[in-house]
């Protein structure tokens, strides 16, 4: 991602620099420096922006209109979810849906049992009421165990709950 793409993204979802800074838990001037090319854009940013975009779309979706169900193309019926999402799926004649970078990373994480799931540091921060940077510090200092895939940390939900409960007591 380059500085121009960042600005286009921010404007397309209707966020100001300060709004994006708040969503990413960074200082306002950090967004400005990224957009001006004064600082390198971190590798995690595209993934974080995908999450912000989904939230903005959900936030702006009309509450009184139910969402239309997505039809499953004949080409993937009967396949497992993993098989179906491993390849692009042709929807209508104009759009192609492919897996997000985050879902590809999550597939490479070890399988979990007992309904546990992997969470990104942004999701962990939301669960703990902390900023992503603070969660990253907890991971780096060994207080919160994480697995790293493509330079991105993922934490088991059960570990987050245990960490949260140990901080309350």
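Quick notes on this structure:
- Test result for residue 51, farther than 12 Å from residue 6 by Cβ, within 21 Å of the chain's Cα centre (by Cα), surrounded by 14 or more Cβ atoms within 10 Å (Cβ to Cβ) and at pLDDT 80 or above: yes
- Those residues of segment 144-169 which are assigned to a loop (DSSP other than H, G, I, E, B) and either modelled with pLDDT of 90 or more or under 21 Å from residue 111 (Cα atoms) (or both), in sequence order: 144, 145, 146, 150, 151
- Filtering segment 21-42 to residues that are touching a residue at least 40 places away in the same chain (Cβ under 8 Å) and within 14 Å of residue 5 (Cβ to Cβ) leaves only 41.
- Leading residue by the ranking (surrounded by the fewest Cβ atoms within 10 Å (Cβ to Cβ)) among those in segment 145-169 that are farther than 21 Å from residue 45 by Cβ and in contact with a strand residue (DSSP E or B) (Cβ under 8 Å, 6 or more places away or on another chain): 145
- Entry remark, segment 1-13: residues being within 17 Å of residue 52 (Cα to Cα) and in contact with a helix residue (DSSP H, G or I) (Cβ under 7 Å, 6 or more places away or on another chain) number 6 in total.
- Here segment 28-47 is the region considered, the condition is being within 22 Å of residue 129 (Cβ to Cβ) and either modelled with pLDDT of 85 or more or out of contact with any helix residue (DSSP H, G or I) (no Cβ under 6 Å at 6 or more places or on another chain) (or both), and the residue that is surrounded by the fewest Cβ atoms within 10 Å (Cβ to Cβ) is 30.
- Scanning segment 132-144 for residues that are on the phi < 0 side of the Ramachandran plot and either surrounded by fewer than 14 Cβ atoms within 10 Å (Cβ to Cβ) or within 14 Å of the chain's Cα centre (by Cα) (or both) gives 132, 133, 137, 140, 141, 143.
- Evaluation of residue 60 against the conditions (1) loosely packed, with under 14 Cβ neighbours inside 10 Å; (2) at pLDDT 80 or above shows that the sole unmet condition is (2).
The values are calculated or read from the model by the stated rules, or taken from the named source; none is laboratory data. Keep in mind that what you see is a predicted model, and the values were worked out from it rather than measured. In this analysis, Cβ positions are derived from the backbone assuming ideal geometry, glycine residues included, and neighbour counts consider all displayed protein chains.
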